[in-house]
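One structure below.
The values are calculated or read from the model by the stated rules, or taken from the named source; none is laboratory data. Predicted model only: the values in this text are computed from it and were never measured. Cβ coordinates were reconstructed from backbone atoms using ideal geometry, including for glycine residues, and neighbour counts include every protein chain displayed.
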Amino acid sequence: MPTRPPKKAGTARDGGSGDVLGPRALNRATLERQMLFSRRKLSAVEAIEHLVGMQAQAPYPPYVGLWTRLEDFRSESLARLIENRQAVRIALMRNTVHLVSARDCLKLRPLVQQVIERGLRSGRSESERLEGVDLEALVTAGRALLEERPRTAKELGELLRERWPGREAASLARAVRHLVPLVQVPPHGVWGKGGPAAHATAEAWLGRPLDPDPSLEELVLRYLGAFGPATVKDAQTWSGLTRLGGVFEQLRPRLLTFRDERGRELFDLPDAPRPDPETPAPPRFVPEFDNLILSHADRARVIADKHRRAISSKNGMVPATVLVDGFVRGTWKTERARGKATLVVEPFGPLPKADRDALAEEGERLVRFVGQGAEAFEVRLAEPQRVPGAS
C-alpha cells in the first residue's frame, strides 16, 4: 500500500501531530508570537515578559524592539521601569545581557547560571589567570563590595586586586560577573541619559532573593510561546543550555508535535497561534541583537542562509534588520548631523515599489522615534547591498 505524503504546512493549527510545517508556516507562527504582525496593546513589562526578555548588549535596542511591537510605545515607559527597578539588564540566555522584568530576573538567572559559569571556564587563558584564586572568597569579597554600592567593572577589579595583588583586575572582576548575578543599574540603559555600566547584585538591587526552585519546564513552555514551533536544538540555541531533550520528553503529553521539511521534530503549545502561511506580513524594523534573529538553530524561518552571511561579523555584532514579507531582506541604521535624523535602509536586493513605499512609510515613523529632538527627518533607501555568495 503506498504511503500517503505528509500533510503540508498551514493545516496544523486545526489538527493532530505529524503535520509538516514549511518555512513560511514557521515564519508566520514566529511573527505572530513575536508581535510583528500587528502592534499589541500591552504594557512594556507585559511585552518583555511575553518575549522572555530582550537581548540588550547595547542600551537602546530594546526601546526600538518594543516600539516596533507595541501600540503607542513611548521611550519613557521603559525608562521608568528601569529607574524604578521593575526591569533590569543582566546576563542570562547564552551568557548575553538581556532586559527582563524584575520577576523574571529572579526566576531565570538560576536556570542559566551553569551557562554563565561555563563562559568563565571556556577560555584557557582566563582559567590560567585565576589559577590558585579561592573563588569562594572572591565571590564573598565581590558581593560585599557591590552590595556596599554599585561599581563599574574597573572599580570592582581594582578593589579586588588590593586583596589579590599581582592578579589582573579585569580577570577578577570578570570572574565575579560570571559567578554572581549582577544587574546593570541606571542611568546606564535609560533613554537619553546613558552613563558607565555600574553593577549591583540582583538580590540587593531588587530586595529579594533568587527563586530557590525555578522550573526548566516552565522555561521551555515560555520559549515555545514566544518562539515556537521549535525543535529541542532550537531551545538549546536560544538558552545556551544543553540536554533539554529530557525536559521536552516530560512535556510531550502537553504539547503538539510537527515536522519541518527536513523531518526534524517540532514541539508546540496546543493553543498557540499558527497563522496561515499566506497571511500578509507588514514591513518591520528590527533592532540590533534582537532575539528574533538569534533564537533558533535553523534560522531559515526568518532569514535565508545567503543573507545570514551579510549580517555575520567576527565580533558577534548583529545589525538592525528589515523585514519584508516577514523575512530579513536588508539592514538599517540611523545617522544624525546638524539637527537632522536620517534612517538609511540598505536592502539585500531590489524590492518592488509597493514594498519600498511601505518601508518608507514605516521608516518615517521609526526615524521620528529614534531621532527624538531632531529638527528634520529623512528616510533614504540605499542601493541594494552586494551579498557575498548570493546569486
Could you pull out every one of the strands (runs of 3 or more DSSP E) wholly within region 220-339 that has 2 or more residues that are charged (D, E, K, R), under 24 Å from Arg356 (Cβ atoms) and at pLDDT 95 or above?
327-337
Evaluate region 117-136: report whether one residue or more is surrounded by 13 or more Cβ atoms within 10 Å (Cβ to Cβ), in contact with an Asp or Glu (Cβ under 7 Å, 6 or more places away or on another chain) and without any contact (Cβ under 8 Å) to a residue 60 or more places away in the chain.
yes
Would you confirm whether any residue within region 199-219 is surrounded by fewer than 18 Cβ atoms within 10 Å (Cβ to Cβ), more than 17 Å from Cys105 (Cα to Cα) and without any contact (Cβ under 8 Å) to a residue 12 or more places away in the chain?
no
Within region 79-116, work out how many residues are farther than 23 Å from Ala297 by Cα, of a type outside the set (Val, Ile, Thr), touching a residue at least 12 places away in the same chain (Cβ under 8 Å) and not in a helix (DSSP H, G or I).
5
Residue among Ala300, Ala310, Ala341, Ala272 that alone is over 19 Å from the mean Cα position of the chain (by Cα), within 17 Å of Ala29 (Cβ to Cβ) and surrounded by 15 or more Cβ atoms within 10 Å (Cβ to Cβ)
Ala272
